[in-house]
Amino acid sequence: MEYYEGIKTPALRMIYRAIISVQRFVCYICAIALPLIITYQVVLRYVLKAPLMGIEELLTFFIIWLYMMSGSVASERRCHIECGILTLYIKNEKTIKIFKCFKSIFSFIICAWLTRWAFWYFQYSLGLWKTSGILKIPMFFGESSMFLGLAFMLFFAALEVIDSIRELIAFLKEGKRV
């Protein structure tokens, strides 16, 4: 919630808090469920010699949700892994600010494109309603995580675009043109 104070619009603040709450809840549930299910499987398989079919299938649902929500948490905290080779060579502060703007805009465009594809897949999965092989769990429950995670990432990418543009404008207004 580092960037919460920077959001001026009440509606965006409310959306931000709601997304953070969903992210944290899903991540906590998945982070607790995964080791418990794995421990349960190990005890059944190696201690009681009674393997339970379908545990791996069940794990994939928790894993995909944890993966996508963790990605959106990284977007919210702005701590995604990035290859900042160009920033090593750029010395001019104005150029760095402009580069940061273009980088955030480009990230937003890519995320919007991926979110659109994820939405199409979300609709397809909802319409088809296929089930998993062993446990017959609707695959929609796992596949919907892609759309939700990318939608959250898109929201945070939009905030990053706004912040980087504000930063550039503030820099230019200060008159620190090097």
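Derivation of every value follows stated rules applied to the coordinates shown; laboratory data play no part. Quick caveat: nothing in here was measured; it's all calculated off a predicted structure. So basically every Cβ, Gly included, is an ideal-geometry build from the backbone, and we count neighbours across all protein chains shown.
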| note | Which residues qualify? For Ser132, with a placed amide H closer than 5 Å and at least 5 residues away or on another chain, they are Ile137, Met139
| field | Identified option (computed Cα Rg over 2.2 N^0.38 Å; candidates [x] 1.76; [y] 2.46; [z] 1.33) | value | [z]
| message | Can you give the longest run of the chain that contains no GluC sites (Glu not before Pro) sitting in a DSSP loop with at most 15 other Cβ atoms inside 10 Å? | response | 83-178
